[in-house]
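Structure first, commentary second.
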Amino acid sequence: MIETERLILSRPMLADFEAGHAVFGNERVTTYLGGPMGREDSWKNLLRNIGHWSAFGYGIFTVREKQGGRLVGQAGLAHFERGFGEAFDPHPEAAWIIAADAQGKGYATEAVQAAHGWLAAQRGAERTVCLIHPDNQPSQGVAAKLGYQRFGEVRHRDAPGVMFARE
């Protein structure tokens with residue numbers, strides 16, 4: 001578990017399903033992720049995140065507000081095996097998603113920064129990457145605040161994507 005000024009990041013649990021599904025089922029939140037997830041895909045996402053921790057010893061955290069404990073999203077670093085090549089795939093990939101009513105508060109930056117710090121303490125400093133839709137300006141802003149630099153473009157699931165790296 002990681003505590004920041006306003007957030008608590010913890011490993012995902014089955015008990016996170018309903019609140020997590022509410023986040024992933026929101027069209028505004030998933031605009032650049034292919035649209036809202038149904039229950040089955042939300043369930044698969046949760047199980048993938050739980051399993052990732054077992055396989056790698058790190059992964060995507062559940063993000064809650066410290067005050068009140070409300071689940072407001074997910075953030076962390078993982079391996080998604082996207083098939084983009086050696087400049088991207090072998091490196092931990094930063095990812096974040098924040099509930100619609102919690103966006104614009106700096107939660108994504110705060111959570112991912114904490115996850116980076118935790119991972120560096122566990123494994124040492126290393127290159128990390130992220131993938132962002134070119135129209136997703138808020139996420140590109142988060143990436144810039146975290147020190148990510150654009151290094152390429154790809155297509156992912158029939159949509160354009162911009163690859164970023166942080167050395």
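Tabulated data
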| quantity | calculated |
| --- | --- |
| Residue tally, condition under 25 Å from Gly34 (Cβ atoms) and not hydroxyl-bearing (Ser, Thr, Tyr), over the range 97-144 | 28 |
| Yes/no for Val154 being more than 25 Å from Asn26 (Cβ to Cβ) and in contact with a His (Cβ under 9 Å, 6 or more places away or on another chain) | no |
| Residue tally, condition out of contact with any His (no Cβ under 7 Å at 6 or more places or on another chain) and either among the basic types (Lys, Arg) or assigned to a loop (DSSP other than H, G, I, E, B) (or both), over the range 38-66 | 7 |
| Total residues in the range 102-114, condition crowded, with 21+ Cβ neighbours inside 10 Å and farther than 18 Å from Val23 by Cβ | 1 |
| Top-ranked residue of the range 52-101 - restricted to ones that are without any contact (Cβ under 8 Å) to a residue 12 or more places away in the chain and under 20 Å from Arg157 (Cα atoms), ranked as surrounded by the most Cβ atoms within 10 Å (Cβ to Cβ) | Asp89 |
| All positions within the range 6-37 that are under 28 Å from Asp158 (Cβ atoms) and outside any helix (DSSP H, G or I) | Pro12, Gly25, Asn26, Glu27, Arg28, Val29, Thr30, Gly34, Gly35, Pro36, Met37 |
| The range 21-51, subset in contact (Cβ under 8 Å) with a residue 60 or more places away in the chain and among the hydrophobic types (A, V, I, L, M, F, W, C), residue farthest from Val162 (Cα to Cα) | Ala22 |
| Val29, sole failed condition from (1) touching a Gly at 6+ places or on another chain (Cβ under 9 Å); (2) over 21 Å from His133 (Cβ atoms) | (2) |
| Residues satisfying the stated conditions in the range 112-141, i.e. touching a strand residue (DSSP E or B) at 6+ places or on another chain (Cβ under 7 Å) and hydrophobic (A, V, I, L, M, F, W, C) | Val112, Ala114, Ala115, Trp118, Leu119, Val129, Cys130, Leu131, Ile132 |
| Residues located in the range 7-18, provided they are buried (at least 16 other Cβ atoms within 10 Å of the Cβ) and not acidic (Asp, Glu) | Leu7, Ile8, Leu9, Arg11, Pro12, Phe17 |
| Residue check, Glu27 among the acidic types (Asp, Glu), modelled with pLDDT under 95 and over 16 Å from the mean Cα position of the chain (by Cα) | yes |
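The values are calculated or read from the model by the stated rules, or taken from the named source; none is laboratory data. Predicted model only: the values in this text are computed from it and were never measured. Virtual Cβ from ideal backbone geometry, glycine too; neighbours counted across all protein chains shown.
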